[in-house]
Structure formats: C-alpha cells, structure tokens
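Heads up, the thing below is written out as structure tokens.
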Amino acid sequence: MTKVKKEKVSADGEEPAAVEAGGTERSYTELIAHLNPIAQPLASRKLSKKLYKCVKKAAKVKNIRRGVKEVQKFINKGEKGIVVLAGDTLPIDVYCHLPVMCEDRNLPYAYIPSKV
C-alpha cells in the first residue's frame, strides 16, 4: 500500500507527524474514514496491500478491466478473475449492483479503501 517515513523524535520529546512520500498518500486508517456504507467485505490492511500490487501488475501487462460498463460486460460473458471495488467511490448507485452479480456467478470480490 503506502510507505510512511517517520522523523526522529526531537529533543523536547514531541513526536512529529509522519512525513508522507509525495505528500498525497494517506494511511489505512485515514482511508477507512471515507468509506461508503455498502463497502463490505472490506479488505484488511494486508489484503489491501496485496490487491494494490495485483492490480498494478495486471495493469502493467494490460490484463485488467476498468470501469463499471466494462466489468459488467465481462462478468456477463463469464470471464473469471477477481473484482476489486473502491470503497470511496461516489455515487454509490453507479456500482452497487456489481457485488450481487459477482455473488450470482461465484466470482470473488472485495472492497479496498481507496480508488487511488
């Protein structure tokens, strides 16, 4: 998922805030705060990290389906794989039918905390 560098404790004993690489990455707990109410089953921190890596590798070899229309089309065709849904996508109505389709066809699916 993300690596966070921490600064050394200063002489006063105060712990400074974590320095983020690039300034845009957030921790797992911060990402969980912005989830949709339907984001169940939510992947754990460890599984989220593995899913992010898996998606990154699949995108590299161009073996990934992105977008609701494309994913829905390939689920209907019977293509196998895992469906990874972002838990912070709005509006919910756009993709709330995908978990039901996955369950009907016995496809594994999971929500990750962020689409980033």
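Which GluC sites (Glu not before Pro) from region 26-105 combine a DSSP loop assignment with at most 12 other Cβ atoms within 10 Å?
Answer by residue number: E79.
Fully extended, how many nm does the chain gain between A59 and S27 (0.36 nm per residue separation, minus their Cα-Cα distance)?
9.2 nm
Distance check, please: which entries in K46/K73; K46/K115; K57/K115; K46/K77; K49/K115; K49/K80 exceed 20 angstrom between their Cα atoms?
Flagged as over cut-off: K46/K73; K46/K77; K49/K80.
Using a 1.4 Å probe, what is the accessible area per residue for region 28-112, in Å²? Walk me through the numbers before you get to the answer.
Details: 5800 Å² over 85 residues.
Dividing the accessible area of region 28-112 by its residue count gives 68 Å².
The values are calculated or read from the model by the stated rules, or taken from the named source; none is laboratory data. From a predicted model like this one, the values you see are computed outputs, not experimental measurements. For neighbour counting, all protein chains shown are included, and Cβ atoms are generated from backbone atoms with ideal geometry for every residue, glycine included. When the accessible area is computed, the model is the full protein with side chains, heavy atoms only, and any ligands, DNA or RNA have been set aside. Shrake-Rupley method; radii C 1.70, N 1.55, O 1.52, S 1.80 Å.
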